[in-house]
Amino acid sequence: MTSTVVVTGVGAVTPIGGTADATWQAALAGTPGARTLDNDWAEKYGIPVTFAAQADRSAVDETLTRVETKRLDPSSQLALASAREAWADAGLDEVDNDRLAVSWATGIGGVWTLLDAWDTLKEDGSRRVMPLTVPMLMPNAPAAAIGMHFKAHAAVQTLVSACASSTESIGNALEAIRGGRADVVIAGGSEAAVHPITLSAFSSMRALSRRNDSPETASRPYDVDRDGFVMGEGAGALILETKEHAEARGATIYAEIAGWGISNDAHHITANEPDGTFARQAMERAMEMAGVSASDVKHINAHATSTPVGDVPESLAINAAMGDHVDDVLVSATKSQMGHLLGGAGAAEAILTALALKNRTAPPTINIENLDPAIHLNIVRDEPAALPSGDIAALSNSFGFGGHNAVVVFKSV
């Protein structure tokens, strides 16, 4: 018999909130997270983008010790803070550590540590490079930090699939529990790559918005004048466990995680397959695993990055997957507020999807002034929208460079 897997704890560090609840409240309020950067990078390096959506580190600074901060790359700092919040939220006390696993993700890893070490090497020589440089920069460092802190002996794994990474980590966690390898999994992802090299690189490929005069309105999914995504940073953590395990300890359940699906465009290293064929395939595979039909789906947290070429293929995929029921699906594009958290995006958006089901409310998409006529979706705009009562399902979509498509399905409880 297939185990029913549920979400019992959430934690988040995002540009619009230092905790999951703060992020949720800000999402409902339509709060923008992008700000002009308080540094001289643009002038020093000639970077054409002067803003980003940096994480609210208030909870990180309160939660981590000075030693932890010194020994962890920012991507690991955000990861550990969000995981601790999720653990506390789940009310977990005594667990069988041999049945506890971590399934984490990142798109880039410890870029700050790597490039700081390179600067140190060039300026001061090899002897000044920190001994912990490699353990700090490696992509599995956030997962390892979480695993060591919570003594997760069942497995500690890292998924790296660009911007689909943390959605895949959640799917991997679901399979670990259903496969009998763990009773509880800490799943999610983190990214801290607001750095001059990444801003320069994304700017060079003209992927970033250049609305330097109005950062708060720069991320505008589905708007005809969208000109690129807004670089963000953050983390999201979810506690997944069997429903039986959760009920035995009287845990609060946010939603059931019922299925997931993946596919690959195999089309272009950065561009989506134009017709959305394989994004649709991932959505349909996820729904099939979850045992839901298009008529059950009432909400989608879309990937919707605000890029000129990216938003339309996803909208085509949603239309194809939902068919005649597409008008009944409330679509939210929360990157309009948080920016794009890269490897942390899927986890943060999955949390918002679970909370949307729990609270029967879909958060708004902001900054749509002129809807692209090529987009035919029931988009939640400006104000939150009520989700229907009864048994409903919701999807969280993530797509990444390399053609990665990943979708998670949640059911209401």
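The rows are residues; the columns are (1) of a type outside the set (Ser, Thr, Tyr); (2) surrounded by fewer than 24 Cβ atoms within 10 Å (Cβ to Cβ); (3) in contact (Cβ under 8 Å) with a residue 24 or more places away in the chain.
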residue	(1), (2), (3)
78	yes, no, yes
117	yes, yes, no
126	no, yes, no
138	yes, yes, yes
151	yes, yes, yes
154	yes, yes, yes
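Taking segment 333-390 as the search range and keeping residues that are β-branched (Val, Ile, Thr) and over 14 Å from residue 217 (Cα atoms), which one is nearest to the chain's Cα centre (by Cα)?
Filtering first and then ranking leaves 351.
Answer with yes or no whether residue 190 is in a helix (DSSP H, G or I), in contact with a strand residue (DSSP E or B) (Cβ under 8 Å, 6 or more places away or on another chain), under 24 Å from residue 14 (Cα atoms) and hydroxyl-bearing (Ser, Thr, Tyr).
Here the answer is no, as residue 190 does not meet what is asked.
Name, by its number, the condition in (1) assigned to a loop (DSSP other than H, G, I, E, B); (2) of a type outside the set (S, T, N, Q); (3) within 23 Å of residue 140 (Cα to Cα) that does not hold for residue 10.
Condition not satisfied by residue 10: (1).
Tell me the strands (runs of 3 or more DSSP E) entirely within segment 295-413 that contain at least 2 residues that are modelled with pLDDT under 95, of a type outside the set (A, V, I, L, M, F, W, C) and buried (at least 24 other Cβ atoms within 10 Å of the Cβ).
The strands (runs of 3 or more DSSP E) meeting that bar number zero.
Please enumerate the residues belonging to segment 1-38 that are farther than 17 Å from residue 363 by Cα, among the hydrophobic types (A, V, I, L, M, F, W, C) and without any contact (Cβ under 8 Å) to a residue 24 or more places away in the chain.
Once the filter is applied, which keeps residues that are farther than 17 Å from residue 363 by Cα, among the hydrophobic types (A, V, I, L, M, F, W, C) and without any contact (Cβ under 8 Å) to a residue 24 or more places away in the chain, segment 1-38 yields only 1.
Check off (1) over 27 Å from residue 74 (Cα atoms); (2) surrounded by fewer than 24 Cβ atoms within 10 Å (Cβ to Cβ); (3) over 20 Å from the mean Cα position of the chain (by Cα) for residue 177 and give me the number that stays unchecked.
(2)
So which residues in segment 184-195 are in contact with an Asp or Glu (Cβ under 6 Å, 6 or more places away or on another chain) and of a type outside the set (A, V, I, L, M, F, W, C), if there are any at all?
The answer is 191, and nothing else.
Pick from 12, 26, 20, 42: which is surrounded by fewer than 24 Cβ atoms within 10 Å (Cβ to Cβ) and farther than 26 Å from residue 205 by Cβ?
Details: 12 fails: surrounded by fewer than 24 Cβ atoms within 10 Å (Cβ to Cβ); 20 fails: surrounded by fewer than 24 Cβ atoms within 10 Å (Cβ to Cβ); 42 fails: farther than 26 Å from residue 205 by Cβ.
Only one candidate qualifies: 26.
Considering only segment 196-210, state which residues are in a loop (DSSP other than H, G, I, E, B), of a type outside the set (A, V, I, L, M) and either open to solvent by less than 20 Å² (accessible area, probe 1.4 Å) or within 18 Å of residue 14 (Cβ to Cβ) (or both).
209
For residue 270, state whether it is part of a loop (DSSP other than H, G, I, E, B), over 30 Å from residue 99 (Cβ atoms), out of contact with any Pro (no Cβ under 9 Å at 6 or more places or on another chain) and in contact (Cβ under 8 Å) with a residue 12 or more places away in the chain.
The answer is yes for residue 270.
The values are calculated or read from the model by the stated rules, or taken from the named source; none is laboratory data. None of the values given here were measured: they were computed from a predicted structure. Neighbour counts are summed over all protein chains in view; Cβ atoms, including those assigned to glycine, are modelled from backbone coordinates with ideal geometry. Protein only, heavy atoms only, side chains kept; ligands, DNA and RNA dropped before computing areas. Shrake-Rupley method; radii C 1.70, N 1.55, O 1.52, S 1.80 Å.
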